[in-house]
Amino acid sequence: MSAEREVISYQELFIGGRWTEPAGGDVIDVVSPVTEQVVGRVPYATAADVDAAVAAARAAFDHGPWPRTPLAERIAVVTRIKDLIAERHQELAELITLQNGSPLAFSVRGQALSAVGAFGAALAVAAGFRPEEERTGVAGPVLVRREPVGVVAAVTPWNVPQMTIAAKLAPALLTGCCVVLKPSPETPLDANWLADVCVEAGLPDGVLSVLPGGRDTGAHLVGHPDVDKVAFTGSVAAGKAVMAAAADNLTRVSLELGGKSAAILLDDADLATAVPAIVAGTCGANSGQACVALTRVLVPDARYDEVATALTRAFAALPVGDPADPATVVGPLVTRAQQQRNLEYVRIGRDEGATVLTGGGVPDGLTRGWYVEPTLLGDVTNDMRVAREEIFGPVVCLIRYGTEGEAVEIANDSDFGLSGAVFSADGERAAAVARRVRTGTITVNGFRLDLAAPFGGFKHSGLGREFGPEGLESYVEYQTLNLPRPATD
């Protein structure tokens, strides 16, 4: 990760399955969050490049072989993509660490291997996928057909780029769709890397394009009249803009947006179980840059001091530093703007009356790079901005509650509903409380995302679901074919 590292440079865009001269001359510089030096450079996709990519996808879908390829053959190609990522996962993990500062241990487990897992889970669902099924209708037999939705615009964020790409690309390809992928301008290198993997795996021309760019690129893509579905992961504000842009064409939209998830510690919670899970679900999840992070920790009044002490010790002990070091748990944030945003929220929390129990600043000796100490804010109430707004970093709020019912009320008193956890010595009691929390995914006595189950959010956390059968179904349209009534004597 030294400043002397050779810059990874691309001069062409991957459009319609081929590396192609870009329409414009602007470039994106990929800057290391560790050294603050340029480590990569890619062309900036213009509106003309978007038009070319969508036209290639439209032609491939309307006239090409991919949507008409038998499911077994599509499964074989996607399996090769998965296997190639698995074989080269260490290379991919190091590339992601280079461009967005994810600690290498997380880049291996939570970035590269999670993408492999997402492809594998989609393949498992596809093995039982039924393109057609005959049903007994009221007036006669009907054939219900599942057709690919068409051209998909996949817009992905910088925090877990390959995981969010896999969540969209795998089901889209398996159902027979063609995809135009717009990765975040902060992290385009791994998307270009994946393009070469897809070529090697035998994905036909036209089925995939990769267009690094900013908001203007994304806006032109999601508002394009030849796009049939938009699959987006990002902020609430951006999700609203995507939905508005897609509305003019009645383009189908799925949105995986932000979170402000609650971890509820019941009065009998075992801290030996709860504390490591909360650390893993906050600072240990990509240095806190995760939409599913357990950023509100709800604690009974009687155990507040005990929990505050345990979490303070755990946060203070986390290794912070060079993400290329396998021992590092908390690396830098992806940009200087993210670092300053986190530090500003700590200031806001102090002004609102919160107490900084540990952290709150830039770690000693790490003045170069965009680091923020693992930070625990105590004495937080649920009406404070730090408890209501997504900070997206290693900043966690500790909130008191009185009764179990009050804990559920606080957990639900949020614009978000993406993830969560409940901790208790009694698993059935914890599960009963979990059922009362309005959130898309919630874990009993842990922190987990299961790739075989639907993932998505309530309220401002999004629309639709990824993963599981539900994730595959979001890339199909249904056609009802009314069959002739059987002949009667």
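The values are calculated or read from the model by the stated rules, or taken from the named source; none is laboratory data. The structure displayed is predicted, hence computed values, not measured ones. FYI the Cβ positions are ideal-geometry reconstructions off the backbone, even for glycines, and counts take in every protein chain you see.
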Within the group Ala23, Ala86, Ala72, which residue is among the aliphatic types (A, V, I, L, M) and either in a loop (DSSP other than H, G, I, E, B) or touching a residue at least 40 places away in the same chain (Cβ under 8 Å) (or both)? Ala23
Applying the selection to the range 457-489, what residues are at negative phi, in contact with a strand residue (DSSP E or B) (Cβ under 9 Å, 6 or more places away or on another chain) and in a loop (DSSP other than H, G, I, E, B)? Gly457, Arg465, Ser474, Tyr475, Leu483, Pro484, Arg485, Pro486
Quick test of your reading of the structure: Ala56 fulfils all but one of (1) under 22 Å from Leu221 (Cβ atoms); (2) of a type in the set (Gly, Ala, Ser); (3) free of Cβ contacts under 8 Å to residues at least 40 places away in the same chain. Name the failing condition by number. (3)
When (1) buried (at least 20 other Cβ atoms within 10 Å of the Cβ); (2) under 27 Å from the mean Cα position of the chain (by Cα); (3) not in a strand (DSSP E or B) are applied to Thr35, the one that fails is (1)
What pairs come up if the first residue lies in the range 413-435 and is under 22 Å from Ala269 (Cα atoms) and at pLDDT 95 or above, the second is in a strand (DSSP E or B) and aromatic (Phe, Trp, Tyr), and their beta carbons are under 8 Å apart, counting only those six or more places apart or on different chains? Ala430/Phe423
Please name all residue pairs, on different chains or six or more residues apart, with Cβ atoms under 9 Å, provided the first residue is in the range 271-289 and is hydroxyl-bearing (Ser, Thr, Tyr) and the second residue is modelled with pLDDT of 95 or more and surrounded by fewer than 22 Cβ atoms within 10 Å (Cβ to Cβ). Thr273/Ala425; Thr273/Asn445; Thr273/Gly446; Ser287/Val329
Working only within the range 435-447, note down all residues that are under 19 Å from the mean Cα position of the chain (by Cα), of a type outside the set (Val, Ile, Thr) and closer than 12 Å to Ala263 by Cα. Phe447
Output the strands (runs of 3 or more DSSP E) that fall wholly within the range 89-187 and possess 1 or more residues being basic (Lys, Arg), in contact (Cβ under 8 Å) with a residue 24 or more places away in the chain and under 30 Å from Pro67 (Cβ atoms), or say none. 141-148, 178-182
In the range 62-81, is there at least one residue being under 18 Å from Ser184 (Cβ atoms) and either at pLDDT below 95 or among the hydrophobic types (A, V, I, L, M, F, W, C) (or both)? no
Just to be sure, is Val292 within 30 Å of Arg438 (Cβ to Cβ), in a loop (DSSP other than H, G, I, E, B) and either among the hydrophobic types (A, V, I, L, M, F, W, C) or touching a Lys or Arg at 6+ places or on another chain (Cβ under 6 Å) (or both)? yes
Test result for Thr217, polar (S, T, N, Q) and buried (at least 24 other Cβ atoms within 10 Å of the Cβ): no
Looking only at the range 41-59, filter to residues that are surrounded by fewer than 24 Cβ atoms within 10 Å (Cβ to Cβ) and among the small types (Gly, Ala, Ser); which one of those is farthest from Asn286 (Cα to Cα)? Ala59
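Here are some residues: Ser114, Ser102. Which one is polar (S, T, N, Q), within 20 Å of the chain's Cα centre (by Cα), assigned by TED's automatic domain parsing to the domain that holds Arg68 and surrounded by fewer than 24 Cβ atoms within 10 Å (Cβ to Cβ)?
Ser114
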Given the conditions (1) part of a strand (DSSP E or B); (2) closer than 15 Å to Arg368 by Cα; (3) not β-branched (Val, Ile, Thr), report the number of the one that Arg41 does not fulfil. (2)
If Pro67 satisfies every condition in (1) over 23 Å from the mean Cα position of the chain (by Cα); (2) part of a loop (DSSP other than H, G, I, E, B) but one, which is the exception? (2)
List the helices (runs of 4 or more DSSP H) inside the range 351-434, counting only whole elements, that have at least 3 residues being over 24 Å from the mean Cα position of the chain (by Cα) and within 23 Å of Ala310 (Cα to Cα). 404-412
For the condition farther than 27 Å from Asp426 by Cβ and in contact (Cβ under 8 Å) with a residue 24 or more places away in the chain, what is the one hit in Asp383, Asp379? Asp379
Quick one: which of Gly402, Gly427 is farther than 30 Å from Arg350 by Cβ and either surrounded by fewer than 24 Cβ atoms within 10 Å (Cβ to Cβ) or not small (Gly, Ala, Ser) (or both)? Gly427
Within the range 464-489, count every residue that is surrounded by fewer than 16 Cβ atoms within 10 Å (Cβ to Cβ) and either touching a Lys or Arg at 6+ places or on another chain (Cβ under 6 Å) or among the hydrophobic types (A, V, I, L, M, F, W, C) (or both). 4
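Looking at the structure I just gave you, is Ala246 of a type outside the set (Val, Ile, Thr), crowded, with 20+ Cβ neighbours inside 10 Å and outside the structural domain of Pro161 (by TED's automatic domain parsing)?
Taking the combined requirement at face value, the residue does not satisfy it.
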Residues satisfying the stated conditions in the range 122-161, i.e. closer than 30 Å to Leu104 by Cβ, among the aliphatic types (A, V, I, L, M) and either in contact with a His (Cβ under 7 Å, 6 or more places away or on another chain) or surrounded by fewer than 24 Cβ atoms within 10 Å (Cβ to Cβ) (or both): Leu123, Ala124
